[in-house]
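Quick notes on the structure that follows.
The values are calculated or read from the model by the stated rules, or taken from the named source; none is laboratory data. These numbers were taken from a predicted model, which means no experiment stands behind them. Note that each Cβ is placed from the backbone with ideal geometry, even for glycine, and that neighbours are counted across all protein chains shown.
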Amino acid sequence: MKEKNYLQDLSDIKNIMNRSTRFLSLSGLSGILAGIYALIGAYLGKTALQNAGFYNYSQNTINPNNLEFKLVGIALGVAFLSIITAYILTKKKAKKQDVRIWNTTTKRLLFHFMIPLLTGGIFSLILLHQGLYGFVAPATLIFYGLAVLNASNYTISNVKYLGIAQIILGLIAMNYIGYGLYFWAIGFGVFHIIYGVLMYFVVEKKDLN
């Protein structure tokens with residue numbers, strides 16, 4: 001009986017330590033919805049490119065039809081919806097867990113996540129400005145993967161696999177420049193949906209039981 005109590009005490013201590021050093025309120029549903037937003041954004045991006053006469057996305061000429069602004073607008077729209085959705089669902093989950101959503105761990109998570117992400121965003125804008133559209137999708141996948149991997153020490157450890165998958169996919173996409181938009185849809189769309197489903201049924205369902 002005492003041995004069981006010791007094991008329970010150790011388990012409780014481990015949970016307390018995890019909660020104090022890791023942000024555990026991420027929502028699997030937010031990952032699924034982010035993936036859906038990305039797929040819609042990929043479709044809109046493809047339509048914008050085709051309407052501007054870009055059927056070969058590896059070409060290095062700029063069409064004057066405000067293409068840069070359309071692509072950036074679509075990307076920002078997807079990012080905005082994903083962030084808002086993640087915030088709402090994460091806040092809801094944190095409330096159920098009776099934990100604060102904004103603390104030292106959250107600040108560390110955001111700091112380590114945003115540095116690679118902002119770097120990748122600026123780099124991608126430079127590529128767009130130079131008319132190197134074919135390299136934008138691989139670059140965003142690689143830098144996003146680095147951001148996720150960099151932040152994985154401050155949240156659920158399994159998220160690192162999503163980051164690694166994005167990096168690998170981005171590197172593969174570098175060899176298929178004309179198909180970058182499809183790789184972008186797979187990485188930000190399909191991978192997020194798969195991750196969100198696995199996170200919900202493997203992690204969140206387990207916590208509820």
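Among (1) at pLDDT below 90; (2) in contact with a Ser or Thr (Cβ under 7 Å, 6 or more places away or on another chain); (3) surrounded by 15 or more Cβ atoms within 10 Å (Cβ to Cβ), which single condition is Leu132 missing?
Among (1) at pLDDT below 90; (2) in contact with a Ser or Thr (Cβ under 7 Å, 6 or more places away or on another chain); (3) surrounded by 15 or more Cβ atoms within 10 Å (Cβ to Cβ), Leu132 violates only (2).
Please identify the pairs in which a residue from the stretch 121-140 that is on the phi > 0 side of the Ramachandran plot has its Cβ atom under 7 Å from the Cβ atom of a residue that is surrounded by fewer than 20 Cβ atoms within 10 Å (Cβ to Cβ) and β-branched (Val, Ile, Thr), counting only partners at least 6 apart or on another chain.
Filtered contacts from the stretch 121-140: Gly131/Thr61; Gly131/Ile62.
Out of the stretch 152-178, which residues are under 18 Å from Gly35 (Cβ atoms), among the hydrophobic types (A, V, I, L, M, F, W, C) and either under 12 Å from the mean Cα position of the chain (by Cα) or surrounded by fewer than 20 Cβ atoms within 10 Å (Cβ to Cβ) (or both)?
Ile156, Val159, Leu162, Ile164, Ala165, Ile167, Ile168
Read through the list (1) within 16 Å of the chain's Cα centre (by Cα); (2) modelled with pLDDT of 90 or more, then give the number of the only condition that Phe123 fails.
Tallying (1) within 16 Å of the chain's Cα centre (by Cα); (2) modelled with pLDDT of 90 or more, Phe123 fails exactly one: (1).
Which of (1) at pLDDT 85 or above; (2) within 21 Å of Leu33 (Cβ to Cβ) is the odd one out, the single condition Pro138 does not satisfy?
The one condition Pro138 does not meet is (2).
For the structure I just gave you, tell me whether Ser82 is among the small types (Gly, Ala, Ser), touching a helix residue (DSSP H, G or I) at 6+ places or on another chain (Cβ under 7 Å), within 30 Å of Gly178 (Cα to Cα) and modelled with pLDDT under 75.
no
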